[in-house]
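Structure first, commentary second.
The values are calculated or read from the model by the stated rules, or taken from the named source; none is laboratory data. No experiment lies behind these values; they were computed from the predicted model shown. Here the Cβ is made from the backbone with ideal geometry for all residues, glycine too, and neighbour counts use every protein chain on show.
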Amino acid sequence: MNLKYFKETAKYMLRSKPVIGRRIKEVERLYHMSPEELADYRNERFLHIFRKAITRSPFYKKLYGDHGISINDIRSVDDIGRLPVITSSMFRKAPEDLLTRRPLGLVTAHTSGTTGVPLTVYESWDSLWREQAYFVVYRRLCGFEYGDALVSLRGNLRGDCMSLKVDVSNTLYLSSFLINDEHLQDYVTLIRRHKPRAIEAYPSSLHNLAMLMHDRGIRLDIPIAFTSSETLYPAQKRMIEETFNCRIFDHYGSTERTLSIDQHPTLPGYFESPGYSVAEYHNDHVVATSLINDAFPLIRYRTDDVILPAADIAGRRVISPSGIPVPVPGISAINGRNSTNIIGIDGKRIGNAALSTLVKMYPHTAQAQFIQTEAGAAVLNIVTEDGFMESDIEKIRKATFDLFGKDNLRLDIRRVSYDGLTYTSRNKLPLVVTSIPN
């Protein structure tokens with residue numbers, strides 16, 4: 001037993017069904033609500049969060065005061081357009097100013113930083129439990145019950161540990177850093193031994209494993225695959241479903257908890273998790289208001305992802321195999337998730353989510369950015385912090401090769417200033433800059 005085992009065990013227990021049972025019932029109730037009942041619920045939650053923000057949050061007191069907005073000016077969610085749009089740059093340096101309560105007892109989280117410097121956000125335990133309840137209900141819609149055998153191929157394990165079985169959750173964690181020819185048979189053996197009902201993974205990690213298996217003529221039978229955090233490309237989807245004999249269910253969300261969109265379990269397209277947020281879709285961005293976290297409220301928060309709504313289908317629902325009614329897909333496609341890949345010599349693709357996990361391992365590094373103009377070669381620009389030594393270069397190189405494979409990427413590491421990084425036209429700082437079609 002090691003520290004990681006106890007950490008994942010405790011994490012699961014704190015979010016298990018006995019703890020979040022009441023929230024699960026609340027989410028199920030939201031799925032069963034009529035459109036009119038759901039509209040009333042969203043209105044009530046929005047007003048609760050707005051009034052708490054304007055009276056208790058230093059950030060919103062000043063923001064709304066500067067815009068001449070008083071608590072009585074906003075009487076329903078229909079008035080939301082009167083409130084100013086906010087971006088992470090407005091509170092990145094002092095996120096605690098958004099809080100409506102003291103930070104004691106809150107949980108901090110950090111965005112991946114795939115489009116800039118990572119952002120610190122705060123979550124109450126109630127918001128964590130609500131988020132988990134949405135996952136429990138959605139996965140049940142897809143035919144998976146918590147406690148069923150699960151393989152997790154995300155960022156939980158580094159390159160120094162291939163696998164970890166956590167008994168209480170019946171989960172086999174596998175490292176995404178060791179997916180290569182040398183370890184392929186170990187991955188296959190571990191998965192077969194675990195006999196999973198489902199696998200959860202970054203699309204790029206699952207696709208890399210599928211490519212190696214395909215080249216060796218190996219197939220597995222895992223009924224369900226849950227993907228998230230990166231764009232799922234059609235070619236990736238086809239190879240994953242063929243190699244694992246599975247059906248993929250994709251999820252879109254964010255650390256900020258402002259939007260939750262899931263692939264429909266029976267129909268093409270995606271649907272918004274009912275009662276989770278108030279979303280405003282634009283051609284090149286989304287403005288969303290979280291309804292699940294009143295301790296760190298994000299009201300009309302802008303992100304630059306591109307989400308395409310479907311035709312108006314208000315009120316229509318279908319019954320899932322689990323017996324829970326599901327909204328007809330209101331989202332036709334998620335075209336922008338700020339996901340870009342670095343491509344290895346053998347075609348292996350590492351996406352933003354896995355890369356951001358990797359960058360967090362770099363010692364004494366304030367910012368990192370990959371530049372790629374040809375497959376199998378990349379420049380890694382790093383902005384260093386105090387205490388950085390030349391020996392850290394080799395540590396960064398080793399960590400990168402653990403993920404890509406030593407002979408799979410020619411890597412040139414350069415120390416630069418912030419001015420030496422590449423920014424987008426909107427002054428965003430992407431983790432990957434590439435001229436190769438992704």
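Kindly state which helices (runs of 4 or more DSSP H) lie completely within the stretch 1-85 and contain at least 3 residues that are more than 22 Å from Arg302 (Cβ to Cβ) and of a type outside the set (D, E, K, R).
Helices (runs of 4 or more DSSP H) meeting the threshold: 3-14, 17-32, 35-56.
Just give me the residues in the stretch 37-80 being in contact (Cβ under 8 Å) with a residue 60 or more places away in the chain and not basic (Lys, Arg), in sequence order.
Of the residues in the stretch 37-80, the ones in contact (Cβ under 8 Å) with a residue 60 or more places away in the chain are 38, 41-42, 45-46, 48-50, 52-53, 57, 60, 77, 80.
Once the filter is applied, which keeps residues that are in contact (Cβ under 8 Å) with a residue 60 or more places away in the chain and not basic (Lys, Arg), the stretch 37-80 yields Leu38, Tyr41, Phe46, His48, Ile49, Phe50, Ala53, Ser57, Tyr60, Val77, Ile80.
Could you pull out the residue among Ile343, Ile436, Ile350 that is modelled with pLDDT under 90, of a type in the set (A, V, I, L, M, F, W, C) and surrounded by fewer than 16 Cβ atoms within 10 Å (Cβ to Cβ)? Lay out the reasoning, then the answer.
Working: Ile343 fails: surrounded by fewer than 16 Cβ atoms within 10 Å (Cβ to Cβ); Ile350 fails: surrounded by fewer than 16 Cβ atoms within 10 Å (Cβ to Cβ).
Within the list Ile343, Ile436, Ile350, the selection yields Ile436.
Do we have Asp148 as within 23 Å of Leu358 (Cβ to Cβ) and at pLDDT 95 or above here?
no
May I ask you to list the residues in the stretch 151-203 that are within 17 Å of Ala354 (Cα to Cα), of a type in the set (S, T, N, Q) and at pLDDT 95 or above?
Selection gives Ser152 alone.
Residues are listed down the side, and each one gets a yes or a no for (1) of a type in the set (Val, Ile, Thr); (2) surrounded by 19 or more Cβ atoms within 10 Å (Cβ to Cβ):
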residue: Arg42; (1), (2): no, yes
residue: Ile49; (1), (2): yes, yes
residue: Thr55; (1), (2): yes, no
residue: Pro58; (1), (2): no, no
residue: Ile69; (1), (2): yes, no
residue: Arg75; (1), (2): no, no
residue: Leu83; (1), (2): no, yes
residue: Pro95; (1), (2): no, no
residue: Leu119; (1), (2): no, no
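Six or more apart or on different chains, Cβ under 6 Å: which pairs go from a residue in the stretch 358-386 that's outside the structural domain of Gly155 (by TED's automatic domain parsing) and closer than 19 Å to Phe177 by Cβ to one that's buried (at least 17 other Cβ atoms within 10 Å of the Cβ) and among the acidic types (Asp, Glu)? Could you list them?
Pro363/Asp392
For the stretch 156-173, enumerate the residues that are closer than 13 Å to His194 by Cβ, in contact (Cβ under 8 Å) with a residue 60 or more places away in the chain and hydrophobic (A, V, I, L, M, F, W, C).
Leu164, Val166
For the stretch 251-258, state whether one or more residues are under 19 Å from Ala353 (Cβ atoms), among the basic types (Lys, Arg) and modelled with pLDDT of 90 or more.
Checked against the condition, which is being under 19 Å from Ala353 (Cβ atoms), among the basic types (Lys, Arg) and modelled with pLDDT of 90 or more, the stretch 251-258 yields at least one hit.
Does at least one position in the stretch 359-377 carry a residue that is within 21 Å of Leu209 (Cβ to Cβ), under 23 Å from the mean Cα position of the chain (by Cα) and not aromatic (Phe, Trp, Tyr)?
Yes: one or more hits.
Among the candidates Leu232, Leu298, single out the residue that is modelled with pLDDT of 95 or more and touching a strand residue (DSSP E or B) at 6+ places or on another chain (Cβ under 6 Å).
Exactly one of Leu232, Leu298 is modelled with pLDDT of 95 or more and touching a strand residue (DSSP E or B) at 6+ places or on another chain (Cβ under 6 Å), namely Leu298.
Could you list, in sequence order, all residues of the stretch 4-38 that are small (Gly, Ala, Ser) and more than 16 Å from Pro325 (Cβ to Cβ)?
Hits for the stretch 4-38 are Ala10, Ser16, Gly21.
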